[in-house]
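The next block holds one structure in the form of structure tokens; read it before the comments.
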Amino acid sequence: MTTYEDRHDRRLALHATGLLAAFNAAGVLDAAADVHAATRLGAILEETDERVLLAVALAVRATRNGAICVDLAAVADAARDTEETESLDWPEPASWVDAVAGSVLVREQVLRLEGSTVYLDRYWREERQVCDDVVALVRREPPEVDASLLAAGLDRVFPDAGYDEQRAAVRAAAGRWLTVLTGGPGTGKTTAVAGLLVLLAEQHEQAHGTPPRIALCAPTGKAAARLQQAVGEAVERLRDPGDRARLEGLRASTLHRLLGWRPGSSIRFKHDRANRLPHDVIVVDETSMVSLTMMARLLESLRPGTRLVLVGDKDQLASVEAGAVLADLVDGFAALEDSPVAALRTTHRFGARIGELAEALRAGDAATVVRLLREGGPDAEVELVDPADEEAMDRFRGSVTDVAVALREAAEHGDAAKATRVLDAHRLLCAHRRGPYGVTGWNRLVEQLAADRTGVAHYQPWYAGRPVLVTANDIGLGLNNGDTGVTVRTEDGRLRVFLDGPQGERVLATTRLPEVETLHAMTVHKAQGSQATTVSVVLPPDDSPLLTRELFYTAVTRAQEKVRIVGTETAITAAVAREVQRASGLTDRLRAALSSAE
């Protein structure tokens, strides 16, 4: 545990007193977010009980860390079992809960208390709303389906052996308003989605005489671009020209763009209950990345008669914002006899070794993970690079430099297509943003290694071969956070950035771009929704709080052909053992609501 002792440390809340001051000084609470929110609310509502203010601060801290709520009894018990925080004066749970229950913050509904669990009001409302809307979708009278037309369509769309899981999933989804399609990378989720859309379009045409309005979306620009590409490839594999025509011209967008993002607001959009989306079918890919707030906004914007298909891998990293909605939905529906969850399990994308590694990570089998990586090597599908092995590290740094040099050569010759292929062939992923194991450190190192090899140093931020990651939305330019591109020198000698987004390739002057970062390396979070031929993963030391099983699994499953892990066996074992814990009441709410509705 970090202890802030320097009075001039900006992490120290000098204005705080009592429990807030102690927990802040111990590094449990953040001064700018947790302590400030608690003290301001206390001042506004004249709440002086230190225990209540501590509960507020912990609730704010929980949402910053991805949780929806905080269980006061659980957090106190866990703290007493942890050497780092057991010395703090944690309130006794029963009296703590009583103090919160009787506080003005609960009376004024700033806080919501359920048992010993505390919510900030906004997240309590959103969790209840998501539960109510999901239950309404599940309990609504199912859509009418022409069974004979569906059966013939299934035979036509999935004529080959090996797609029994997809056939079963699509058959079930055709008769539901809500479908949750889960599975790891390469299990054929996009193939199932394309088949489902064809058959739903066929059903809609027969019933209404017109094609359905279909929306494809994902949480980030890169994920949307990948979704559009994957659906396009799946459509091309359809044998019937009429089926291909039904999905011709489908474009994917970000979820923000679909809902109608409003500048200046991160939680309110053009479409809501008073202005519903016009679509008949909405497909959301990479749903594991969707926060509770975004799911609430999506569900409230659906008009009656809209089918919703949520696609994702519940074992991947959850949203960077609060909530783990996909995992909560899967767990909440687990006991339902007619569950809307369809799980695909057979992997088709990568080779056996990467598949085994991913499965071992999903199962939490550290011994198998270590064994698979030990057995690999430079020419194998999976490889372990020990940071203490200088020869192995030199070889690794050399291969990363190869990519940067090839990127520069293609970009200097004006070959944007080749530069894009080089960029997409390899991804260097880090858990951290900063430090020796982080994105900024590796970006600088790769640039320096490339300069040493080529003899060409760059003293300006823009240069031919600079790969970039867009980090801010720009509606005017049609760019989204997560779009990627390469800086290329065109025939006129100017630098232009060729960007790959859901709306196709864009070519922009460097001065027109919004906020961007260099992309020789990127965080695992930012890599969600993308894939590369080879993926290299730099693991931090075993004591890093970011080192989790979900992060490791997400990184590994970005690869199509090869995975390289740069890290110690100790770090690998720690990652497999540490699961992300996001407190949420959505699973229990769903179970209770579905049970009472039966």
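The values are calculated or read from the model by the stated rules, or taken from the named source; none is laboratory data. All figures in this text were calculated on a predicted structure; none of them were measured in a lab. Cβ: placed from backbone, ideal geometry, glycine included. Neighbour counts: every protein chain shown. In case anyone asks, the SASA skips ligands and DNA or RNA and just uses the protein heavy atoms, side chains included. Shrake-Rupley method; radii C 1.70, N 1.55, O 1.52, S 1.80 Å.
When you go through (1) over 28 Å from the mean Cα position of the chain (by Cα); (2) open to solvent by 30 Å² or more (accessible area, probe 1.4 Å) one by one for GLY377, which number turns out not to apply?
GLY377 satisfies all of (1) over 28 Å from the mean Cα position of the chain (by Cα); (2) open to solvent by 30 Å² or more (accessible area, probe 1.4 Å) except (2).
Identify the single condition in (1) open to solvent by less than 20 Å² (accessible area, probe 1.4 Å); (2) touching an Asp or Glu at 6+ places or on another chain (Cβ under 8 Å) that GLN166 does not satisfy, given that it satisfies every other one.
If we test GLN166 against (1) open to solvent by less than 20 Å² (accessible area, probe 1.4 Å); (2) touching an Asp or Glu at 6+ places or on another chain (Cβ under 8 Å), just (2) comes out false.
Determine whether GLY435 is within 28 Å of LEU250 (Cβ to Cβ), open to solvent by less than 40 Å² (accessible area, probe 1.4 Å) and small (Gly, Ala, Ser).
Numbers: within 28 Å of LEU250 (Cβ to Cβ): no; open to solvent by less than 40 Å² (accessible area, probe 1.4 Å): yes; small (Gly, Ala, Ser): yes.
When the stated conditions are applied, GLY435 does not pass them.
Could you say whether any residue in the stretch 406-415 is touching a Leu at 6+ places or on another chain (Cβ under 7 Å) and not in a helix (DSSP H, G or I)?
Looking through the stretch 406-415, none of the residues is touching a Leu at 6+ places or on another chain (Cβ under 7 Å) and not in a helix (DSSP H, G or I).
Out of curiosity, is ALA37 closer than 29 Å to ARG297 by Cβ and either under 28 Å from the mean Cα position of the chain (by Cα) or open to solvent by less than 20 Å² (accessible area, probe 1.4 Å) (or both)?
Yes; evaluated as a whole, the condition is true for this residue.
For the stretch 52-164, which fully contained strands (runs of 3 or more DSSP E) count at least 1 residues that are touching a helix residue (DSSP H, G or I) at 6+ places or on another chain (Cβ under 9 Å) and among the β-branched types (Val, Ile, Thr)?
69-71, 117-120
Of these, ALA224, ALA174, ALA192, which one is more than 25 Å from GLU356 (Cα to Cα), aliphatic (A, V, I, L, M) and touching a residue at least 40 places away in the same chain (Cβ under 8 Å)?
Within the list ALA224, ALA174, ALA192, the selection yields ALA224.
Going residue by residue through the stretch 172-186, is there one that turns out to be in contact with a Pro (Cβ under 6 Å, 6 or more places away or on another chain), charged (D, E, K, R), open to solvent by 40 Å² or more (accessible area, probe 1.4 Å) and in a loop (DSSP other than H, G, I, E, B)?
Restricting attention to the stretch 172-186, the residues satisfying the condition of being in contact with a Pro (Cβ under 6 Å, 6 or more places away or on another chain) are 175-176, 178-180.
Pick out the ones that are also charged (D, E, K, R) and you get 176.
Filter once more, so that each one left must be open to solvent by 40 Å² or more (accessible area, probe 1.4 Å): 176.
So of that shortlist, the ones also in a loop (DSSP other than H, G, I, E, B) come out as 176.
Yes, some residue in the stretch 172-186 is in contact with a Pro (Cβ under 6 Å, 6 or more places away or on another chain), charged (D, E, K, R), open to solvent by 40 Å² or more (accessible area, probe 1.4 Å) and in a loop (DSSP other than H, G, I, E, B).
Read through the list (1) surrounded by fewer than 16 Cβ atoms within 10 Å (Cβ to Cβ); (2) in contact with a helix residue (DSSP H, G or I) (Cβ under 9 Å, 6 or more places away or on another chain), then give the number of the only condition that MET393 fails.
(2)
Has the stretch 271-293 got at least one residue that is assigned to a loop (DSSP other than H, G, I, E, B), out of contact with any His (no Cβ under 7 Å at 6 or more places or on another chain), hydrophobic (A, V, I, L, M, F, W, C) and more than 29 Å from VAL198 (Cβ to Cβ)?
Yes, the stretch 271-293 has at least one match.
Restricting to the stretch 277-311, and then to whatever is open to solvent by 10 Å² or more (accessible area, probe 1.4 Å) and over 22 Å from the mean Cα position of the chain (by Cα), can you tell me which residue is nearest to PRO211 (Cα to Cα)?
Once the filter is applied, the top-ranked residue is ASP280.
Please verify whether ARG244 is of a type outside the set (Ser, Thr, Tyr) and over 19 Å from the mean Cα position of the chain (by Cα), treating the condition exactly as stated.
Numbers: of a type outside the set (Ser, Thr, Tyr): yes; over 19 Å from the mean Cα position of the chain (by Cα): yes.
Against the criterion (of a type outside the set (Ser, Thr, Tyr) and over 19 Å from the mean Cα position of the chain (by Cα)), ARG244 qualifies.
Mind listing just one residue for me: the one in the stretch 1-46 that is modelled with pLDDT under 80 and of a type in the set (Lys, Arg) and, of those, nearest to ARG107 (Cα to Cα)?
Ranking the candidates gives ARG11 first.
Would you check which residues across the stretch 467-492 are charged (D, E, K, R) and open to solvent by less than 20 Å² (accessible area, probe 1.4 Å) and list them? Explain how you work it out, then say what you get.
Residues of the stretch 467-492 that are charged (D, E, K, R), as a first pass: 474, 483, 489, 491-492.
Result: ASP483, single match.
Could you count how many residues in the stretch 110-138 are closer than 30 Å to GLY305 by Cβ and among the hydrophobic types (A, V, I, L, M, F, W, C)? I'd like the intermediate steps shown before the answer.
So the first thing to find is which residues in the stretch 110-138 are closer than 30 Å to GLY305 by Cβ, and the list is 122-138.
Add one more test, that the residue is among the hydrophobic types (A, V, I, L, M, F, W, C), and what stays is 124, 130-131, 134-138.
Counting residues in the stretch 110-138 that are closer than 30 Å to GLY305 by Cβ and among the hydrophobic types (A, V, I, L, M, F, W, C) gives 8.
Mind listing just one residue for me: the one in the stretch 560-580 that is without any contact (Cβ under 8 Å) to a residue 60 or more places away in the chain and not β-branched (Val, Ile, Thr) and, of those, farthest from LEU384 (Cα to Cα)?
Across the stretch 560-580, the extreme among qualifying residues is ARG578.
Any residue at all in the stretch 396-410 that's out of contact with any helix residue (DSSP H, G or I) (no Cβ under 9 Å at 6 or more places or on another chain) and within 27 Å of THR548 (Cα to Cα)?
Checked against the condition, which is being out of contact with any helix residue (DSSP H, G or I) (no Cβ under 9 Å at 6 or more places or on another chain) and within 27 Å of THR548 (Cα to Cα), the stretch 396-410 yields at least one hit.
From (1) open to solvent by 50 Å² or more (accessible area, probe 1.4 Å); (2) modelled with pLDDT of 90 or more; (3) among the aliphatic types (A, V, I, L, M), pick out the condition that doesn't hold for ALA161.
(2)
Of everything in the stretch 236-276 that's among the basic types (Lys, Arg) and open to solvent by 100 Å² or more (accessible area, probe 1.4 Å), which residue is modelled with the lowest pLDDT?
Filtering first and then ranking leaves ARG262.
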